[in-house]
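Trainee: Got a structure for you, questions after.
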Amino acid sequence: RAKQDGRNSFRFFTSLMQAEARRGLQLENSLRRALERDQLSLVYQPQVSLVSGQVIGAEALLRWRHPELGEVSPAEFIPVAESTGLIVPIGEWVMRTAVQQLKAWMAQGMAPLVMSVNLSSVQFRHNDLPGQISRILDEVALPAELLELELTEGVAMRDPQGAIAVMNDLHRRGIRLSIDDFGTGYSSLSYLKKFRVYKLKVDQSFVRDLGDDPEDRAIVSAIISMAHSLGLQTIAEGVETLEQMQFLRSQGCKEVQGYLFSRPLRAEEFPAFVAAGTRVLDEHAELW
Ligand code: C2E
Ligand code: MG
Ligand code: MG
Ligand code: MG
């Protein structure tokens, strides 16, 4: 009986694994074609200043609409893109598209803001990333200060010295770096001293329960005060409630993004959102 059950659950797991492997292969094959078939697009999440109440930035987020599978989440396809190396051409497309989009918004009269682009550690290790980015900025004629790169703590895991050299190079070119998902990775705090980082992004997993979890409140307030002592800026992501916003503000966090303000927007929706201003803040002027 036990043996029988064991065999059945073994079959169950192998068929699950086979299904996953099949989907993996299917994603891999179609991802190779996704760029040329025009299935990739970017959406932009507004980043809001808690000092001025204005939209001061946009985070570019990649979307993939697969003809049969529909929308595939970046959490699922970015790892496939990384393991196949496809992240390099895709990442270059993301960079060029995001930078061109900002330029296009400004040409339509939108005030300049900072465009944040996520970078995978695979791209970061790829030869001549700084040169490639500089060429795109030149091509589009956008000042480097308007671009920010989001890296995760993992970029420095394999080769800290190499990562530091790339960061120094980007810094010399005037491109800002922020550490995404801060607090969830494995990096040593001593890296913060050596990294040419401009900003820490407080991970949404710490923000989620700020309302009622004293430990998350302690962690977030420690991250913010450490960042400020080191001369770094902070932004919190995944802000969904007024309560979270108020706590972050009370701790001195100056920027936020999240569904409280807006979901990621299509390019054509973005300038109107900026022009309308942050309604939540207007409606709750007493809170801030
Ligand atoms: P991330 O860079 O940490 O981006 C934040 C994620 O949180 C985004 O998910 C965003 O849509 C979501 N989000 C924003 N506000 C809220 C909120 O208030 N509540 C909740 N629950 N979620 C919120 P998304 O777009 O699915 O992206 C997931 C991850 O995929 C990103 O995490 C990033 O690591 C990666 N990614 C996305 N686009 C790119 C890209 O162009 N290149 C690279 N290398 N990675 C990307
Ligand atoms: Mg990010
Ligand atoms: Mg993040
Ligand atoms: Mg993330």
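Trainee: In this structure, does Ser120 turn out to be more than 16 Å from ligand 1 (Cβ to nearest atom) and either closer than 30 Å to Val207 by Cα or crowded, with 18+ Cβ neighbours inside 10 Å (or both)?
Mentor: In short, no.
Trainee: Restricting the search to segment 122-159, which residues are over 21 Å from the mean Cα position of the chain (by Cα) and assigned to a helix (DSSP H, G or I)?
Mentor: Within segment 122-159, Gly131, Arg135, Asp138, Glu139, Val140 qualify.
Trainee: Output the residues belonging to segment 75-101 that are farther than 15 Å from Glu28 by Cβ, in contact with a strand residue (DSSP E or B) (Cβ under 8 Å, 6 or more places away or on another chain) and of a type outside the set (Ser, Thr, Tyr).
Mentor: Across segment 75-101, the qualifying residues are Trp93, Val94, Met95, Ala98, Val99, Gln101.
Trainee: Quick test for you: out of Ala141, Ala104, pick the one residue that is of a type in the set (Gly, Ala, Ser), at positive phi and open to solvent by 20 Å² or more (accessible area, probe 1.4 Å).
Mentor: Numbers: Ala104 fails: at positive phi.
Selected residue: Ala141, the only one of Ala141, Ala104 that is of a type in the set (Gly, Ala, Ser), at positive phi and open to solvent by 20 Å² or more (accessible area, probe 1.4 Å).
Trainee: Applying the selection to segment 51-65, what residues are more than 17 Å from the chain's Cα centre (by Cα) and farther than 21 Å from Met106 by Cα?
Mentor: Correct list: Val51, Arg65.
Trainee: Please determine, by comparing only the residues of segment 165-199 that are within 14 Å of ligand 2 (Cβ to nearest atom) and among the basic types (Lys, Arg), which one is nearest to Ala236 (Cα to Cα).
Mentor: Of everything passing the filter in segment 165-199, Lys199 is nearest to Ala236 (Cα to Cα).
Trainee: Could you please find all residues in segment 114-155 being under 17 Å from Ala75 (Cα atoms) and of a type in the set (Gly, Ala, Ser)?
Mentor: Correct list: Ser120, Ser121, Gly154.
Trainee: Does any residue of segment 38-46 turn out to be of a type outside the set (D, E, K, R), over 17 Å from the mean Cα position of the chain (by Cα) and modelled with pLDDT under 95? Working first, answer last.
Mentor: If we filter segment 38-46 for residues that are of a type outside the set (D, E, K, R), which is where we start, we get 39-46.
From what is left, the residues that are over 17 Å from the mean Cα position of the chain (by Cα) are 39.
Next, only the ones that are modelled with pLDDT under 95 stay: none.
Among the residues of segment 38-46, not one is of a type outside the set (D, E, K, R), over 17 Å from the mean Cα position of the chain (by Cα) and modelled with pLDDT under 95, which makes the answer no.
The values are calculated or read from the model by the stated rules, or taken from the named source; none is laboratory data. Only a predicted model underlies this, so the values are computations on that prediction, with no experimental measurement involved. Neighbour counts are summed over all protein chains in view; Cβ atoms, including those assigned to glycine, are modelled from backbone coordinates with ideal geometry. The accessibility values were calculated without ligands, DNA or RNA, using every heavy atom of the protein model including side chains. Shrake-Rupley method; radii C 1.70, N 1.55, O 1.52, S 1.80 Å.
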